[in-house]
Amino acid sequence: MDLQELLRHFDNGDTVGESMEVIELMRYYSREAQKITMEINTKYHEPEEIEELFSKLIGKKVGSHFGLFPPFYTDFGKNITIGDNVFINSDCKFQDQGGIFIGDGSLIGHGVVLATLNHDLDPAKRQSLHPAPIKIGKGVWIGANAVVTQGVTIGDNAVVAAGAVVNKDVAANTVVGGVPAKFIKNI
C-alpha cells in the first residue's frame, strides 16, 4: 500500500484499525509529520520557509499568501488542503487522516482543534477509527480554542465562536457558538 492508496482508504471512510498494513503506514507518516512539525516549531522561520515546510508536511503546495504562527501540530499531515490567503494561528492541532479542506481567505484562531477521526462506540471495537472529512468554506473565521469534529462542513463566510464545539454542519453566512455549537445569528 502506498500513500495514495492510504488516502483513498481514508476518503472512502473505511474503518482504520482492522489492517496492520494501514496502521503501520499511518504510523510512518505520523513520524514524518512529527519531524517536520518539530522543525516548524523549534526555531524561527521566515514566512517563505514556513510555506515551504508546511507544503512539505502536506505533500503539496499551500495556497498563495499562506500564514502560520507556530507551534502547529498534526498526527498525519498528508490529508490537508489549504486555499489562498489562509491564516492559521498558534497552537492549532489537526488530526487530518479523514481530510481537512480549508477554503480561500479562512482564518483559524489560536488553539483550534480539527479532528477527523472518531473511535467506535462499541467497547469491543473501541480501537477502530472512523475517518470523515472536515470542510471549511471560503472566508470562514474559527475562533480561539474551538473544536470541529469529523464529518463537519462549515459554509462560506461562517463564524465559529471561540470555545465552540462544532459537531454538526454550519450554514454559510451564520455565526455559531456554544457546546455543542448552535446557531446564534445570520451575518
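When you scan segment 23-36, do you find a residue that is assigned to a helix (DSSP H, G or I), over 26 Å from Gln127 (Cα atoms) and touching a Leu at 6+ places or on another chain (Cβ under 8 Å), even just one?
There is at least one residue in segment 23-36 that is assigned to a helix (DSSP H, G or I), over 26 Å from Gln127 (Cα atoms) and touching a Leu at 6+ places or on another chain (Cβ under 8 Å).
Which residues, counting only those in segment 11-62, are over 21 Å from Pro133 (Cα atoms) and either open to solvent by less than 40 Å² (accessible area, probe 1.4 Å) or of a type in the set (Val, Ile, Thr) (or both)?
Of everything in segment 11-62, those that are over 21 Å from Pro133 (Cα atoms) and either open to solvent by less than 40 Å² (accessible area, probe 1.4 Å) or of a type in the set (Val, Ile, Thr) (or both) turn out to be Ile36, Thr37, Ile40, Thr42, His45, Ile50, Leu53.
As an exercise: evaluate Gly13 against (1) under 24 Å from Trp141 (Cβ atoms); (2) in a loop (DSSP other than H, G, I, E, B) and give the number of the one condition it does not meet.
(1)
Pick from His65, His119, His110, His45: which is of a type outside the set (Val, Ile, Thr), closer than 20 Å to Asn12 by Cα and more than 13 Å from the chain's Cα centre (by Cα)?
The unique qualifying residue is His119.
Grab the strands (runs of 3 or more DSSP E) fully contained in segment 77-187, keeping just those with 3 or more residues being open to solvent by 30 Å² or more (accessible area, probe 1.4 Å).
Correct list: 182-186.
Just checking, does segment 20-32 include any residue being touching a residue at least 12 places away in the same chain (Cβ under 8 Å), closer than 27 Å to Lys138 by Cβ and of a type outside the set (Phe, Trp, Tyr)?
no
The values are calculated or read from the model by the stated rules, or taken from the named source; none is laboratory data. Values in this document were obtained by computation on a predicted structure and should not be read as measured data. Please note: Cβ atoms are built from the backbone with ideal geometry, for glycine as well, and neighbour counts cover all protein chains shown. Surface areas here come from the heavy atoms of the whole protein model, side chains and all, with no ligands, DNA or RNA. Shrake-Rupley method; radii C 1.70, N 1.55, O 1.52, S 1.80 Å.
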